[in-house]
1. Would you grab the residues whose amide H sits under 5 Å from the one on Ala103? Only those 5+ places off in sequence or on another chain, please, with H modelled 1.01 Å from N.
2. Kindly express, to the nearest 10 degrees and within the range 0 to 90, the angle between helix 177-188's C-alpha long axis and the longest C-alpha principal axis of the chain.
3. Compute the acute angle (0 to 90°) between the alpha-carbon long axis of helix 161-171 and the principal axis of greatest extent of the alpha-carbon atoms of the chain; round to the nearest 10°.
4. Dipole magnitude of the range 118-244 about its Cα centre, charges +1 at Lys/Arg Cβ and -1 at Asp/Glu Cβ only, in debye to the nearest 20?
5. Round to the nearest 10 and give me the degree value, 0 to 90, for the angle of helix 127-143's Cα axis relative to the longest principal axis of the chain.
6. Of all DSSP beta bridges in the chain, what percent run antiparallel (nearest 5)?
7. Can you work out the Karplus-derived ³J(HN,Hα) for every residue in the range 231-244? Use 6.51 cos²θ - 1.76 cosθ + 1.60 with θ = phi - 60°, whole Hz, and x for glycine or proline.
8. Along the range 80-91, what does the Karplus equation 6.51 cos²θ - 1.76 cosθ + 1.60 (θ = phi - 60°) give for ³J(HN,Hα), rounded to whole Hz, x for Gly and Pro?
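Throughout, read-outs are computed from the coordinates displayed, never taken from laboratory work. A quick note: this is a predicted structure, and the numbers were derived from the prediction, not measured. Cβ sites come from the backbone with ideal geometry, for glycine too, and all protein chains shown count toward neighbours.
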Amino acid sequence: MSRVVSFVVVAVPGAVVGLAAAGAAAVVGAPPAVVAAAALAAAAAVAGWLWYRSPRAALKTLGASPGGAGSSPRLANVVENLCAVHGLAEPELHVTDPGAPNAAVVGRLRSGSHLVVTRGLLESLDRLELEAVVARELCQIRRGVRGATVLAGVAGLLGSGSAAGWLVGRMFDARHVIDDDIEAIKLTRYPPALSSALTKIAEGGRNGSTPAGRHLWLVEPPSRPGTAPVQPSVRLRTAALEEI
């Protein structure tokens, strides 16, 4: 599904631009071969640009950027230990300023991924809870976040909250959210820590997320009026953890 989402969200805008280029070429009387070449070139250029720009654009929707605010020694230690023990690639770390606790991951490839946490998360979680959150996000990276990243990047580049929210609401696949929660427990072997962390994040309030990036957060921020949630509720997620 990640590959399908990635392809669709870059191919559709590319096709629209390609058709526009073909129409412009046809208007000036270009031969059919030139019209077709213009359409293909324009479509490929736009799709390639969206694909290349999507991680940076996705980070921007979260209030993070490469080489930005950096991380904390506590966070870095937890990430390093979990990755070393379980043979996982270490993501680049970002700490954003919003006070509400939350975390997210971005990346097209496992080896070039980014872990974003808010300062509120670091301030509100104890060691076991932080370890549970990091483990959960690392499991999501291991499964792959290419589709979610490209979706957030393209939605963010649209520059319209309503358009971005519409795209995310219809393209995001939420089936793996609870699966990643459960996979994290296999690393930490302590379900209560993740349940407690999810509850604290849900009670922490809005973190200023844009509609384009709401699906990237560990716990989706409160939906804006008229916008349906795209993730399972925290109550449903914690109930699943309690059954383990």
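1. Amide H to amide H, under 5 Å and 5 or more residues apart or across chains, Ala103 pairs with Leu218, Val219.
2. With both axes taken from Cα atoms, the answer is about 40 degrees.
3. The angle comes out at about 80 degrees.
4. Here the size comes out at about 340 debye.
5. Orientation of helix 127-143: about 30 degrees from the principal axis.
6. 50 percent
7. Result, ordered by residue: 10, x, 5, 5, 4, 5, 5, 5, 5, 5, 5, 5, 7, 7 Hz.
8. Ordered by residue, 3J(HN,Hα) equals 4, 5, 5, 5, 5, 5, 9, x, 9, 6, 6, x Hz.
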